[in-house]
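A quick write-up on the structure given underneath.
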Amino acid sequence: MHGLRNSPDCEVTVVLSVPSWVIPGTYGENLRFLADKAAVGNVELLFFICDAGVRDLLEEEFSIISGFKRRFSFTAHLPDEILPEHEDLIIRLRPLVRHFIVHPPKDPRRNRKTAELLVKWEERYRAAEDPGPGLFLIENTTLPRFESLMAELPETAGICMDTGHLLLESADPSAFFDAHRHRIGEIHLHGTDHAAARLDGKLPDHRALRRDTPWLEGFLPKIRDFSGITNIEVFSWKEAEESIALLEGNF
């Protein structure tokens with residue numbers, strides 16, 4: 001099994017994931033690049049935008065992606081705002097993926113409709129043998145949006161915990177994990193760097209993990225015992241590699 005083993009006598013292997021964009025290129029080009037990276041056991045297929053071009057690319061490369069099923073497990077990140085017409089994407093990907101990541105609506109007035117859609121899809125597409133707390137995991141893009149949507153969903157609804165988003169809100173990742181641990185199926189693990197963001201104009205989150213961050217020191221023991229997917233959610237192999245090296249040095 002690909003991933004990080006805590007110690008020679010430990011039964012838990014941490015399943016490390018990266019996004020399907022760590023080098024410029026298509027899904028297939030990224031998978032071929034990642035194939036010899038032993039620490040990476042899962043790849044999260046990105047569909048933040050799902051326009052005609054992305055759908056055409058998925059169809060063009062579907063057999064290539066499927067050809068990596070013995071090397072990687074897969075998860076999928078659904079479009080930023082999910083809509084009923086995205087059901088065909090779920091149908092297409094369902095044979096490949098372990099679960100789907102969902103952003104809460106930006107407009108809270110859409111929460112009820114979104115919740116109804118997710119409950120319907122969960123009942124329709126989740127199999128009894130599926131691992132984890134749910135087929136559709138709600139990500140904490142912001143705590144108010146997350147809490148607002150979760151209030152409309154069953155108490156068993158699954159969660160994708162995002163450390164970078166919590167840090168931007170000055171929230172404690174360890175406290176969030178402890179509060180929701182039995183419902184978390186995936187962790188988006190990344191740091192923040194406001195100084196770098198001022199220089200390069202990119203987002204302050206989705207940055208490589210750094211050793212000099214107190215929150216990470218407290219959070220690492222929780223990852224060691226986590227049986228879900230730990231996704232290093234950075235969008236360059238350099239930052240992913242730096243983050244993986246840090247984790248390998250602490251496991």
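No value in this document is a laboratory result; all are computed from the given coordinates. Since the model is a prediction, treat every value here as computed from it, not as a measurement. Cβ: placed from backbone, ideal geometry, glycine included. Neighbour counts: every protein chain shown.
When PRO204 is tested against (1) within 25 Å of VAL97 (Cα to Cα); (2) assigned to a loop (DSSP other than H, G, I, E, B), exactly one condition is not met: (1). Among the residues making up the stretch 182-201, those that are in contact (Cβ under 8 Å) with a residue 12 or more places away in the chain and in a helix (DSSP H, G or I) are HIS182, ARG183.
From the list THR156, THR142, exactly one residue is on the phi < 0 side of the Ramachandran plot, surrounded by 14 or more Cβ atoms within 10 Å (Cβ to Cβ) and either touching a helix residue (DSSP H, G or I) at 6+ places or on another chain (Cβ under 9 Å) or small (Gly, Ala, Ser) (or both). Which is it? Steps first, please.
On the way: THR156 fails: surrounded by 14 or more Cβ atoms within 10 Å (Cβ to Cβ).
Result: THR142 is the single residue among THR156, THR142 that is on the phi < 0 side of the Ramachandran plot, surrounded by 14 or more Cβ atoms within 10 Å (Cβ to Cβ) and either touching a helix residue (DSSP H, G or I) at 6+ places or on another chain (Cβ under 9 Å) or small (Gly, Ala, Ser) (or both).
One line per residue, one yes/no per condition, for (1) touching an Asp or Glu at 6+ places or on another chain (Cβ under 7 Å); (2) acidic (Asp, Glu); (3) under 30 Å from LEU216 (Cβ atoms):
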{"position": "GLU61", "(1), (2), (3)": "no, yes, no"}
{"position": "THR75", "(1), (2), (3)": "yes, no, yes"}
{"position": "PHE100", "(1), (2), (3)": "no, no, yes"}
{"position": "ARG110", "(1), (2), (3)": "no, no, no"}
{"position": "LEU135", "(1), (2), (3)": "yes, no, yes"}
{"position": "LEU143", "(1), (2), (3)": "yes, no, yes"}
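Across the stretch 23-44, what is the number of residues that are within 14 Å of the chain's Cα centre (by Cα), of a type in the set (A, V, I, L, M) and closer than 19 Å to LEU58 by Cβ?
Here is the first cut: in the stretch 23-44, the ones within 14 Å of the chain's Cα centre (by Cα) are 40-44.
Subset that is of a type in the set (A, V, I, L, M): 40, 43.
Checking which are closer than 19 Å to LEU58 by Cβ leaves us with 43.
Residues that pass the stated criteria total 1.
Which of the residues belonging to the stretch 63-81 are farther than 12 Å from ILE229 by Cβ and of a type in the set (Ser, Thr, Tyr)? Result: SER63, SER66. Looking at (1) buried (at least 17 other Cβ atoms within 10 Å of the Cβ); (2) more than 29 Å from TYR27 (Cα to Cα), which is the one condition that is false for HIS86? All conditions pass for HIS86, except number (2). The number of residues in the stretch 58-70 being surrounded by 12 or more Cβ atoms within 10 Å (Cβ to Cβ) and either under 25 Å from ASN250 (Cβ atoms) or among the acidic types (Asp, Glu) (or both) comes to 2.
Within the stretch 182-212, the set of residues being in contact with a strand residue (DSSP E or B) (Cβ under 8 Å, 6 or more places away or on another chain), under 17 Å from GLU233 (Cα atoms) and not aliphatic (A, V, I, L, M) comprises GLY185, GLU186, HIS188, HIS190, GLY191, THR192, ASP193, ASP205, ARG207, ARG210. Quick one: is LEU135 farther than 25 Å from LEU246 by Cα and in contact with a strand residue (DSSP E or B) (Cβ under 8 Å, 6 or more places away or on another chain)? It is true that LEU135 is farther than 25 Å from LEU246 by Cα and in contact with a strand residue (DSSP E or B) (Cβ under 8 Å, 6 or more places away or on another chain). Screening ALA115 with (1) over 22 Å from THR26 (Cα atoms); (2) within 19 Å of the chain's Cα centre (by Cα); (3) not acidic (Asp, Glu) gives one miss only, at (2).
Table: residues versus (1) closer than 21 Å to GLU87 by Cβ; (2) surrounded by fewer than 20 Cβ atoms within 10 Å (Cβ to Cβ).
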position: GLU29; (1), (2): no, yes
position: ALA38; (1), (2): no, yes
position: GLY41; (1), (2): no, no
position: GLU44; (1), (2): yes, no
position: PHE48; (1), (2): yes, yes
position: ASP56; (1), (2): yes, yes
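Do we have any residue at all in the stretch 45-68 that's under 21 Å from GLY132 (Cα atoms) and in a strand (DSSP E or B)? Yes, the stretch 45-68 has at least one match.
Among the residues of the stretch 116-143, those that are touching a Leu at 6+ places or on another chain (Cβ under 7 Å) and aromatic (Phe, Trp, Tyr) comprise TYR125, PHE136.
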